[in-house]
Amino acid sequence: MNEDSVRAWVLVGAIALMLSFSYLFMLSNEDNVSLILLFAGLFLVLDGLAGALGGALFLYLALKHGETTRVVPITSAFPIVAFAGAVIFLSEKPTLEKLLGTGLILAGLIIIQK
């Protein structure tokens, strides 16, 4: 990773941290911050940092060791995971449009692997 990309992801993490603390301060003005709210806020901050920084780290590692034209489409296939999670965990009904979209994404991933 070069220095500019590290700075960019530190900036992303700092913005996520500021937004998380802003949310906590908005809630604390209404009532006193309880222990549950404090732990929820801490989890929110840590989750945001881990998601932003961890995801960026794995993306940069994949880009370092793989072809960009293959890595980026694979990392952009997250709607498949969201669709599967919604059907399995949220009991959403799959529609024709969602199935066609998922099929097109899968077809694109198969095509770039050849």
Could you give the length gained on full extension between residue 98 and residue 23, defined as 0.36 nm per residue of separation minus the Cα-Cα distance, in nm?
23.7 nm
Between residue 62 and residue 86, what's the calculated FRET efficiency when r is the beta-carbon distance and R0 is 25 Å? Round to 0.05.
0.50
Given the Cα-Cα distance of residue 109 and residue 74 and 0.36 nm per residue of separation, how much length would full extension add, in nm?
11.9 nm
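None of the figures in this text is laboratory data; all of them are computed from the coordinates on show. Computed from a predicted model, the values in this text were never measured in an experiment. Quick reminder, even Gly has a Cβ in these numbers, built from the backbone with ideal geometry, and neighbours come from all protein chains shown.
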